[in-house]
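Values quoted throughout were computed directly from the atomic coordinates according to the rules given, and no laboratory measurement underlies them. Model, not experiment: these values are computed from the prediction. Every residue, glycine among them, receives a Cβ derived from its backbone with ideal geometry; neighbour counts consider all protein chains shown.
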Ligand code: FAD
Ligand code: SIN
């Protein structure tokens, strides 16, 4: 089946839906989501959105905090731009119906998280993401120009390669003409032709065994762009959230928001002693890379599987009012957080790198944009400052939308695109090979490419991944497509990109820590001078 739309949006999280709502004023929009549209990373966001709303906060302070957390690798221009747009975009979210918590005096109630020098996190209780998704989905439903296709899986974007056109005949860059989409209701592959396409497929957490990310986070969009020869960067910077609830039976892991530490909770070791001051004078509120590494070290010292977060010092009513979901979740597994400490462990949480885009969300492929967690704008550098992700997604989706609507009318549909050739045979009996291989990828990435790395571990990871890659390509060539197979291929691809870029970085910086190069390269050169 074929379909033509002005704007194709792959992903229904904050990045995809913000873009869709904006471009829908100008043309037809098709949003696709590989499961139900609400099942996104966005939905699980707890802490909130970083935004400069009141004094004594200032743009300069937020910019400075972002750059310090990013360990000298942020794109300063992008940081300036995104931070200065924060107030306007928050106002738009409010216009779309998002409710943020207010104080008794009617101002927005601002929280604080690691690495922030001020209270600046606007939030809805401890479930900000689900409130944002509720409002965005409502707004999308009311918009006649937007069609949402759930349970539709993006397999690949369409470029000159699929038509057999030589790239240089059209332009020096490749061009995106739309995407091949697997409709899971009947296992057919649709050809969706689009004038402008946005990839907004979120993160990659699922390539690790222990993650806060929902099952959709297999890095599909990044892998799709990379296969189409789009530029991808900064993949070595995988952020581990320091405090996922330690509950080995549960996957994905439930997050214990950093806002809890911003509200006074303290990290303690297995023997119930504070330890963060040993590592950083900002204590429990140091940036995430530092806290996650410190916890990893404490777990290695004690030989235990977790540390604790202690919030028993916070007033009971205040605690249960501000963090009702964490209170309920912990109570469900037998922990009363008003009286007992919560066992926590770091978990893969966020990818700072991804599809390289400029501040208008433009990728290296013509008519292809990317926004949200799958995109790399340079905003986060080597380590993202807490609650800057939702902000970045909002701002870049807005600038991408503004850019896309300027030129889409001059873009012709490329009629020569052939339909997907899906001649393989279905291999239901091979499903165990797919699920087992995925577990192996997760185990390789967790054991060798986690919080602390070494040359030997990275080399071993690459060698092991190579075997799974060959086996999976063999199955792929013979099979009809199905989502789990596509996700496995994509996960292997993402693992490969992370390992290769980690191997190339001969230093330790931000989220990338290699025991063979425990220094920052710039500092080392400066010292040598
Ligand atoms: P997502 O919201 O993940 O949406 C991705 C979409 O892409 C989904 O609709 C999915 O179905 C679709 N998709 C993926 N692959 C395909 C495919 N092959 N075909 C079709 N569709 C596909 N950030 C903050 O700033 N503040 C916070 O408080 C915060 N808390 C967080 C708490 C948790 C537990 C987690 C996991 C993350 C948190 N983050 C937070 C990070 C932030 O939520 C994410 O980075 C952000 O929501 C990503 O939004 P997105 O629109 O890029 O992607
Ligand atoms: C949290 O609430 O701790 C997560 C915030 C984030 O990932 O930005």
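A compact table of results
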| item | result |
| --- | --- |
| Per-residue Cβ neighbour rank within 10 angstrom, fewest leading, 403, 332, 455, 220 | 332, 455, 403, 220 |
| Distance between modelled label sites at residue 60 and residue 25, nm, 7 Å Cα→Cβ extension | 3.4 |
| Chain lengthening between residue 500 and residue 476 when straightened (0.36 nm per residue, less Cα-Cα) | 6.3 nm |
| Extension gain, residue 72 back to residue 452 (0.36 nm per residue minus Cα-Cα distance, nm) | 134.8 nm |
| DSSP-defined antiparallel bridges as percent of all bridges, the chain, nearest 5 | 60 |
| Cα-based shape type of the range 1-142, given that a ≥ b ≥ c are square roots of the gyration tensor eigenvalues and the cut on a/c is 1.5 | prolate |
| Angle in degrees between helix 431-448 and the longest Cα principal axis of the chain, rounded to the nearest 10 | 40 |
| Relative contact order (%) - criterion: Cα under 8 Å, at least six apart; region: the chain | 21 |
| Kirkwood-based shape ratio for the chain, expressed as Rg/Rh from alpha carbons | 0.96 |
| Helix-derived mean residue ellipticity, 222 nm - over the chain, DSSP H n ≥ 4, -39500 (n - 2.57), to 500 | -11500 deg cm²/dmol |
| Cα→Cβ-extended label distance, 7 Å offset, between residue 36 and residue 150, nm | 0.5 |
| Theoretical gain in end-to-end length, residue 516 to residue 279 [0.36 nm per residue, Cα-Cα removed] | 83.3 nm |
| Label point at residue 336 placed 7 Å out along Cα→Cβ; residues across the range 256-275 whose backbone nitrogen lies under 14 Å | none |
| Angle in degrees between helix 76-95 and the longest Cα principal axis of the chain, rounded to the nearest 10 | 90 |
| Estimated FRET transfer efficiency (residue 272, residue 297; beta-carbon r; R0 22 Å; 0.05) | 0.80 |
| Cα-based helix-to-principal-axis angle, 483-504 vs the chain, degrees rounded to 10 | 60 |
| Alpha-carbon centroid distance for the pair the range 222-256 / the range 1-72, whole angstrom | 17 |
| Pairwise centroid distance, computed over Cα atoms, of the range 136-157 with the range 415-466, Å | 28 |
| Mean Cβ neighbour count within 10 Å, used as a protection proxy, ranking 470-479, 333-342 highest first | 333-342, 470-479 |
